[in-house]
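Chemist: Pasting a structure here, questions to come.
The values are calculated or read from the model by the stated rules, or taken from the named source; none is laboratory data. Predicted, not measured: the structure shown is a model, and the values here were computed from it. All Cβ positions, even for glycine, are placed from backbone atoms using ideal geometry, and neighbour counts span all protein chains on display.
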Amino acid sequence: MNKGVFMKISRVEIDRNLCVGSATCVVIAPDAFELDGDGISIFKKDGLTVDAETVLKAAKSCPTQAISVFDERGRRIWPE
Ligand code: SF4
């Protein structure tokens, strides 16, 4: 399916208890995510400048669904 993403992201959360450090999110959105000293994903300081589609793609790539994405109304759009 060819699906466009037209929305604003208001908030992104990383569940440190779910993250297994696979770094898939870092590969897809290196300007938004990086691994900390414990090998767990964290936000980069300037990550807010990354476009919504890339952040959502990174969240969807996470094997453990550790990244939650919320739209401008505060509704969680990922995981669905
Ligand atoms: S893709 Fe998921 S499990 Fe892998 S580093 Fe990112 S948040 Fe952690």
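Chemist: Restricted to the stretch 1-37, and to residues that are away from the ligand (no atom under 11 Å from the Cβ) and among the β-branched types (Val, Ile, Thr), which residue is modelled with the lowest pLDDT? Working first, answer last.
Modeler: To start, the set of residues in the stretch 1-37 that are away from the ligand (no atom under 11 Å from the Cβ) comprises 1-11, 30-31, 37.
The next check asks that each one be among the β-branched types (Val, Ile, Thr); those that pass are 5, 9.
Details: Val5: 55, Ile9: 84.
Looking at the filtered set, the residue picked out is Val5.
Chemist: Please enumerate the residues belonging to the stretch 38-79 that are part of a loop (DSSP other than H, G, I, E, B), under 19 Å from Arg16 (Cα atoms) and away from the ligand (no atom under 14 Å from the Cβ).
Modeler: Restricting attention to the stretch 38-79, the residues satisfying the condition of being part of a loop (DSSP other than H, G, I, E, B) are 38-40, 44-46, 50-51, 62-66, 72-75, 79.
Keeping just the survivors that are under 19 Å from Arg16 (Cα atoms) gives 38-40, 44-45, 62-66, 79.
Lys45, the sole residue that qualifies.
Chemist: Same structure, new question: Taking Ile28 as the residue in question, decide whether it is in contact with a Ser or Thr (Cβ under 8 Å, 6 or more places away or on another chain), hydrophobic (A, V, I, L, M, F, W, C) and more than 18 Å from Ser10 (Cβ to Cβ).
Modeler: Values: in contact with a Ser or Thr (Cβ under 8 Å, 6 or more places away or on another chain): yes; hydrophobic (A, V, I, L, M, F, W, C): yes; more than 18 Å from Ser10 (Cβ to Cβ): yes.
Criteria met by Ile28.
Chemist: Right, another one. Cβ-Cβ distance below 7 Å, separation of 6 or more or different chains: which pairs start in the stretch 53-69 with a residue that is touching a residue at least 12 places away in the same chain (Cβ under 8 Å) and hydroxyl-bearing (Ser, Thr, Tyr) and end on one that is away from the ligand (no atom under 11 Å from the Cβ) and outside any strand (DSSP E or B)?
Modeler: Ser68/Pro79
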